[in-house]
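The values are calculated or read from the model by the stated rules, or taken from the named source; none is laboratory data. The structure displayed is predicted, hence computed values, not measured ones. Every residue, glycine among them, receives a Cβ derived from its backbone with ideal geometry; neighbour counts consider all protein chains shown. Surface accessibility is based on the protein's heavy atoms, side chains included, excluding ligands, DNA and RNA. Shrake-Rupley method; radii C 1.70, N 1.55, O 1.52, S 1.80 Å.
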Amino acid sequence: DRGSAIISREYWHCVRPNPGVRVVIRIIPAEGALKAVLSIVVSVAAIALGGIFGPTLAGALGVSTAVGTALVTIGVSMVGNLLINALIPPPSPDKDKRNSYSINGLRNRVDPDGAVPFVMGTMRYAPPFAAMPYTEIVGDDQYIRALFCLGEGELQITDMRLGETSLAEYDEVETEVRYGVAGELPCSLFPSQVVEEQIGVELTRPLPRDDNGDVIKDQATEDTPIVRATGADAAGASVILSWPAGLVKFNDKGNKRSHSVSVRIEHRLAEADEWQLVDTLEITSKKAEGFFRQYSWQFPSRGRWQVRLTMMTDESDKSSVQQRTSWAALQTLRPEYPLAYPRPLSLVALRIKATHQLNGQLDNFNALVSRICPDWDAASGTWVNRVTENPASLYREVLQHSSNPKAVAAPEIDLDL
């Protein structure tokens with residue numbers, strides 16, 4: 001209208017009408033409301049038209065009035081909804097949404113203090129873990145590091161798989177192999193001791209409530225710390241936090257906005273009384289899908305330490321806010337190499353990234369493994385080191401191997417054929 005002006009929302013806080021000025025307030029449907037209103041109109045119209053034209057259609061088709069009414073109602077509803085979708089297209093998917101993948105572990109067996117394997121001949125073998133696997137968080141990606149012991153002494157290791165699928169089919173699997181030969185370097189993919197304990201406890205700072213469960217206003221919240229202990233002789237620790245439903249808030253239009261939570265980390269020696277502040281983490285995100293974060297630090301001295309985590313952000317009673325935070329795992333860190341074995345071992349170390357191909361509980365790692373040992377070569381008339389399934393050669397390997405506490409020297413064996 002002439003002499004009128006539309007005031008944008010960003011100026012509402014500073015614009016004041018003069019006396020005598022007429023203010024016009026127009027109410028418009030919120031996002032998605034118009035489509036809902038039109039759907040209701042179509043439903044009402046379909047029922048009304050069904051009652052009017054249903055008997056006529058029933059007479060023309062030679063069916064009952066109820067069937068004719070239903071056909072008209074269904075037809076009007078379908079045509080009306082098609083017109084609504086053409087006029088107001090359904091919302092496009094969230095382009096910022098990122099699929100969340102995580103690995104829960106592998107199915108290989110854990111055999112602490114068990115016997116070291118000794119493969120004879122050639123076989124497909126799913127080895128035990130040489131050390132407990134652990135999780136690594138890099139940005140938004142999760143990795144699993146694992147170390148497997150295929151046996152003592154020299155082995156040929158080929159055709160490595162996860163379940164029935166070759167490792168060559170996966171883009172995000174790093175592999176490092178040690179063949180049980182003296183002088184090989186330690187595995188760089190598994191360089192130190194990491195002992196991971198699954199926690200799975202939610203970190204909360206609940207709002208004070210009365211007996212009916214209603215929030216008591218103007219009353220301060222209280223700390224609800226969670227305490228766990230590391231393993232013995234720990235040099236450092238690492239905590240892994242998870243947000244199973246994401247960390248985000250939504251505005252009135254349903255659009256995602258950044259949201260933050262604060263988590264305080266403290267530690268103390270197991271026999272100490274006073275807690276020491278390590279850090280207060282400020283995590284900000286606008287993710288509506290699950291994700292992890294990891295924080296690592298070193299202790300002032302080695303020993304068994306207690307770690308305490310406290311949520312510093314108040315609980316939200318708004319459905320538009322997602323901030324559920326869990327303490328997923330605590331890792332005990334020691335700088336020493338995880339293996340201290342006096343003789344060479346055949347090992348495979350893996351670093352696996354969680355992807356759409358590798359997600360959840362993975363199948364066991366396995367490989368085709370063959371013993372390499374002295375074997376009689378008839379052509380040259382000598383004993384040569386090679387892959388063999390000859391029972392006599394394998395029997396000699398057992399008799400003379402350094403792992404045999406009663407190993408037999410070569411002169412004590414009749415090697416004449």
Q: Considering only lysines 8 or more places apart in sequence, or on different chains, count the pairs in the chain whose C-alpha atoms sit under 18 Å apart.
A: 23
Q: First select every other residue whose beta carbon is under 13 angstrom from the beta carbon of Arg334; then total the charges, Lys and Arg +1, Asp and Glu -1.
A: -1
Q. So which GluC sites (Glu not before Pro) in the range 270-324 are both in a DSSP loop and have at most 11 other Cβ atoms within 10 Å of their Cβ?
A. Glu271, Glu274
Q. Between Thr204 and residues 5 or more places away or on another chain, which pairs have amide H atoms under 5 Å apart, with H built 1.01 Å from N, and which residues are they?
A. Met311
Q | Helical contribution to [θ] at 222 nm, DSSP H n ≥ 4, -39,500 (n - 2.57), averaged over the chain, rounded to 500 | A | -5000 deg cm²/dmol
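Could you state the accessible area per residue of the range 196-244 in Å², with a 1.4 Å probe and every protein chain left in place?
Value returned for the range 196-244: 54 Å² of accessible area per residue.
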Q.
Below 8 Å between Cα atoms, with a sequence gap of 6+, how large is the relative contact order for the range 296-417 in percent?
A. 10
(Q) Restricting to DSSP loop positions (anything but H, G, I, E, B) with no more than 10 other Cβ atoms inside 10 Å of their own Cβ, which trypsin sites (Lys or Arg not before Pro) remain in the range 367-416? (A) Lys406
**Q.** Å² of accessible area per residue within the range 354-417, as computed with a 1.4 Å probe and no ligands counted
**A.** 59
(Q) I need the semi-axes of the equivalent ellipsoid of the range 348-396: take the C-alpha gyration tensor, multiply each eigenvalue by 5, square-root it, list largest first in whole angstrom. (A) 40, 10, 8
(Q) Counting heavy atoms of the protein chains only and a 1.4 Å probe, report the per residue accessible area for the range 104-144 as a whole number of Å². (A) 50
**Q.** Cα-only radius of gyration and Dmax that characterise the chain, units Å
**A.** 34.5, 122
Q: Return the carbon/sulfur percentage of the accessible area of the chain, one whole number, probe 1.4 Å, all protein chains in place.
A: 54
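Trypsin sites (Lys or Arg not before Pro) within the range 231-308: which are DSSP loop residues with at most 13 other Cβ atoms inside 10 Å?
Lys253
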**Q.** Charge sum, other residues only, whose C-beta stays under 13 Å from Ser188's C-beta, Lys/Arg counted +1 and Asp/Glu -1
**A.** 0
Q: Quick one: which residues, 5+ away or cross-chain, put their amide H under 5 Å from the amide H of His259? H built at 1.01 Å from N.
A: Lys249, Ser285, Lys286
Q) On a 0 to 90 degree scale, rounded to 10, what angle separates helix 391-400 from the longest Cα axis of the chain? A) 80
**Q.** Neighbour net charge for Asp375 - beta-carbon separation under 13 angstrom, K R +1, D E -1
**A.** -1
Q. When the Karplus curve 6.51 cos²θ - 1.76 cosθ + 1.60 is applied with θ = phi - 60°, which whole-Hz ³J(HN,Hα) does each residue of the range 312-319 get, with x for Gly and Pro?
A. 9, 9, 4, 4, 9, 9, 9, 5
Q: Would you mind listing how long the range 181-238 runs along its three principal axes, going by Cα atoms, in whole Å with the largest first?
A: 71, 19, 16
Q: State, in angstrom, two size descriptors of the range 230-381 derived from its alpha carbons: Rg to one decimal place and Dmax to the nearest whole number.
A: 23.6, 86
**Q.** Overall Cα dimensions of the range 142-185, principal axis frame, Å, largest first
**A.** 32, 23, 14
Q: Please report the Cα spread of the range 99-208 along all three principal axes, rounded to whole Å, starting with the longest.
A: 67, 34, 25
Q | Ranked packing of 226-233, 214-221, most packed first, by mean Cβ within 10 Å | A | 226-233, 214-221
